[in-house]
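The values are calculated or read from the model by the stated rules, or taken from the named source; none is laboratory data. Source: prediction; values computed, not measured. Neighbour counts run over all protein chains shown; Cβ positions are idealised from the backbone, glycine included. What goes into the accessible areas is simple: the full protein's heavy atoms, side chains included, and nothing from ligands, DNA or RNA. Shrake-Rupley method; radii C 1.70, N 1.55, O 1.52, S 1.80 Å.
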Amino acid sequence: MDQARTTISKIFNGEPRSYTRFNLTQNMEGDNSHVEMKLSSDMDDEVEANGVGENINQHNRPYYPSKLNQRSPKTVCGFVIGILFLFIIGYLIGYLSNRSTDKTEIKSNCPVFNEIAPVRVETVYSLDWSDLRALLKKKLTTSNINTSLKEFSSANHQAGSTEDEALANKIMGKFKTFGMSTWTDEHYVKIHEPGSSNNRVLFRGNIVGTTEGYLAYSAVKTVQGAALYAHYGRTEDFRRLRELNIDVNGKAVLVRAGLLSFSEKVANAASLNASAVLIYPDPVNYNIKDDTALFGHVHLGTGDPFTPGFPSFNHTQFPPAQSSGLPSIPAQTITIKQATEIMSKLGGQTSPDGWSDGMLRGTMYSLGDDGDIITVEVNNVLIQKKIHNVFGVIKGYMDADRYMVIGAQRDAWGPGFARSTVGTSLLVELARTITDMIKNDGFKPKRSIVFASWSAGEFGSVGATEWLEGYLTSLSLKMFSYISLDEVISGFDSFKATASPLLYELLESTMKQVSSPVDATKSLHEQFAGSNWEKSVMEPMGLSHSAYPFQTFSGIPSISFRFTSSTKSYPFGTIEDTDQNLELYTFYNTLKLAKTAGEVVGLVTLRLVHDHLLKLNVAKYTSVIRNYVSQIRSKVESCQMSGRLPSTVTMQWLLSAQGSYDRAASTLVSAIRNSDLEDMEQCRIINNRIMRVEGSLLSPYASLRESLFRHILLGSGPHTLAALVDHLEAIKGGLESADIDQFKNQFALATWTIQGCANALAGEVWDMDNEI
């Protein structure tokens, strides 16, 4: 203690002042910077620390010793000890505080919400719905549509031709001008063209007129058979002939064009072993010249029939295969003039009521007899052609990997103005309008929009189907809707649509927001819907609709619509499909109708990519399933009562599957009602459940080669609920075609398909626990 006191005394009392100086470094300008370090026992140290001490001494000013020099060692020692005590206390406080902070930081993996703002997904703000409607109506103009109609009109642009390719390049150039990302899809497909020797039709050994039209994918052969008039060639028409005890076997059947596709007419006749089919346009349905030829195809399917179920890419090797939808009998179109020459000379029975309402001159519409022999010679040639589909995309700002597609056929036989030019022009104008809204008005779609121009549509949506086949797996996960622009205008006084039930509600609400082209004071809904809009507007989706493969093959909710005539069929598939004729059929309102059609497509599109939740109403399928189940139940009970169906066939599991779907749909609706729709992740989860519905209604048990259209509610084939109803009808009637074991098998598979759809809609597997 004495030694410490002595040392402290020396520091504060008797030792002379001393300095320690040293340089640190050289600064950037080269000057020497230094720090002066001093040990002092007097007040001069404090003065010099302020930079003035030396000046005082240099001026010989008097020096006043510090008062510390006069204090006792005991006082100084107490003073130093106090300072040390305060220093230690401060150090301990700092240490403990720092240690507490360290503990908090260790726990910082969990967010401290009162101090750290939570991380949120950035919300993409867009225009509100009223703004979008107004912008679409303003920017989609008749003048721009008219310019596009003129630009894309062509006298000849058959699939795979140089003209078709030139149009494809022009469309791609437009997409690039709009700032869209573009790409093409190339396929090598097999199509039919007329051979070097024309197809021929002979009646009673004499050639009947000139045959210029043809039907692609007809069987190539020459056959004979007695003439038989079969009205439109529908199933009910052939049933009526059977009721009259008229055998179709070996007959050359004559049918009118209209009401169903050429391929369905030929398939119906072939199923009854007819030898050939001739299809003609009756003047009661068509207002065309007597010698105007019809073109079409008779493949009961879509896509390249020689690559059924898989894409026709050139680099893929395929075994020899062909679609089951190719007919085994020849089929040919004939003109009004040729039909008159044959039909006016037919003998046999008088046709049933309603069949003789045609307008062929001098024709009684008799059914024909065994002496009315017709010879049909088809010489079509199968060739391979390269086709291009063209795409442009507007990418979404949030869910860019979720997209819808708007598509239009580009090719045509002849001018194809209403068939392809109108749709192509609207495709380009919608792309122009929406990209302009994004660039200049701040619109930010949440999801992506793909614009597609298809080739080889005239041969049965070949380009579109090959694309679907090529990307089926990814499309079923990411594509949520398809809108077709094909044949969107063919008349003026009627509005018809076909769609997935998921889109019914969206279409109806859109019709209420678009003005009628007939009467601007009314909406489309007021103009055409009547008291029951579904009955007035909606019609079943069939092979003749280009949206059909998207809906029934790929399981993508699809829609197509058209302004049409309620009295005359438009001359699609003829050289009379021109801009002048379309003006006649629309009473010179083509541009007005085109703008209205564009607004319908535009509003449906904007609604699907703008809202947080997809506007797809899953509850709508509840009534569709219930209706089929009711029909099946009624017929099963009827067949069991008559003893034609064993009692072991039970409705229990089908009714259970129906109930599962009902509950899953109701649960989802309730979940939506109780969800925070500003939570983007929650919305995405709900949208994923909605997107599963349509694809889950595709039968996983149907062969793509045998049944391309696997949708059990809207497709075609023995796996569908409609086929089950027909099969039960055949069992009840004791027909030879009725196979009870086959029915039981398809009945079970359809039941589980519905149950599987309900499971997919319900959510994740851990949410079910036998509750479905």
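List the residues of segment 217-231 whose backbone N lies under 17 Å from a point placed 7 Å from the Cα of Ile207 along the Cα-to-Cβ direction. Only 222-223 fall inside the zone, counting backbone N under 17 Å. Under 23 Å of direct C-alpha separation, and excluding same-chain neighbours fewer than eight residues apart, Lys620 reaches these lysines: Lys478, Lys496, Lys512, Lys535. Estimated from the Cβ-Cβ distance and a Förster radius of 51 angstrom, the FRET efficiency linking Asn674 and Asp741 is about 0.60.
For the pair segment 528-565 / segment 589-648, the C-alpha centres are spaced 10 Å from each other.
In the calculated pair-distance distribution of segment 618-762, the portion above 19 angstrom amounts to 54 percent of the Cα-Cα pairs. Per-residue extension of 0.36 nm, minus the Cα-Cα distance of Asn249 and Met651, leaves a gain of 140.9 nm for this segment. Between the C-alpha center of segment 128-204 and that of segment 316-378 there is a gap of 33 Å. Taken one residue at a time, the phi angles of segment 441-446 give Karplus couplings (6.51, -1.76, 1.60, θ = phi - 60°) of 10, x, 6, 10, x, 6 Hz. Gly and Pro are set to x.
Take the Cα of Ile383, step 7 Å toward its Cβ, do the same at Val284, and the gap between the two points is 3.9 nm. Under 5 Å between amide hydrogens, built in the peptide plane, is the criterion, and for Lys512 it picks out His525 among residues at least 5 positions away or on other chains.
Quick one: net charge around Ser560, please, counting Lys, Arg +1 and Asp, Glu -1 for every other residue with C-beta under 11 Å from its C-beta. My count for the surroundings of Ser560 gives -1. List, in the order given, every pair from Lys137/Lys446; Lys137/Lys170; Lys221/Lys251; Lys174/Lys615 whose Cα-Cα distance in the structure shown is over 23 Å. From the list (Lys137/Lys446; Lys137/Lys170; Lys221/Lys251; Lys174/Lys615), the Cα-Cα distance tops 23 Å for Lys137/Lys170; Lys174/Lys615. In terms of the mean number of neighbouring beta-carbon atoms within 10 Å, the peptides 245-254, 481-490 order highest first as 481-490, 245-254.
Leaving out ligands, DNA and RNA, and with a 1.4 Å probe, what % of the accessible surface on segment 198-378 is carbon or sulfur?
Answer for segment 198-378: carbon and sulfur cover 46 percent of the accessible area.
For segment 128-227, state the average projected area of the convex hull of the C-alpha atoms over all orientations, rounded to one decimal in nm². Result: a mean projected hull area of 12.5 nm².
With all pairs of different C-alpha atoms in the average, the Kirkwood value for the hydrodynamic radius of segment 275-387 is 17.1 Å.
Given an 8 Å cut-off on Cα distances and at least 6 residues of separation, report the relative contact order of segment 198-378 as a percent.
Reported relative contact order: 35 percent.
Partner lysines whose Cα lies under 19 Å from the Cα of Lys732, excluding those fewer than 8 positions away in the same chain, are identified as Lys635, Lys744. Label-to-label distance, Asp436 versus Thr182, with points set 7 angstrom from Cα along the beta-carbon direction: 1.9 nm. Taken over segment 221-326, the alpha-carbon convex hull comes to 143 cubic angstrom per residue. Using a cutoff of 8 angstrom between alpha carbon atoms and counting only pairs six or more residues apart, the relative contact order for segment 618-762 works out to 35 percent. Rounded to the nearest 0.05, the FRET efficiency derived from the C-beta distance between Arg705 and Glu236 at R0 = 41 Å is 0.90. A 1.4 Å probe run over segment 198-378, with the rest of the protein chains in place, finds 40 Å² accessible per residue. Evaluating 6.51 cos²θ - 1.76 cosθ + 1.60 at θ = phi - 60° for every residue in segment 347-355, the Karplus couplings come out as x, x, 5, 6, 5, x, 4, x, 8 Hz, glycine and proline recorded as x.
Could I get the Rg over Rh figure for segment 198-378? Both from C-alpha atoms, Rh via Kirkwood, rounded to two places.
Reported Rg/Rh (Cα atoms, Kirkwood Rh): 0.99.
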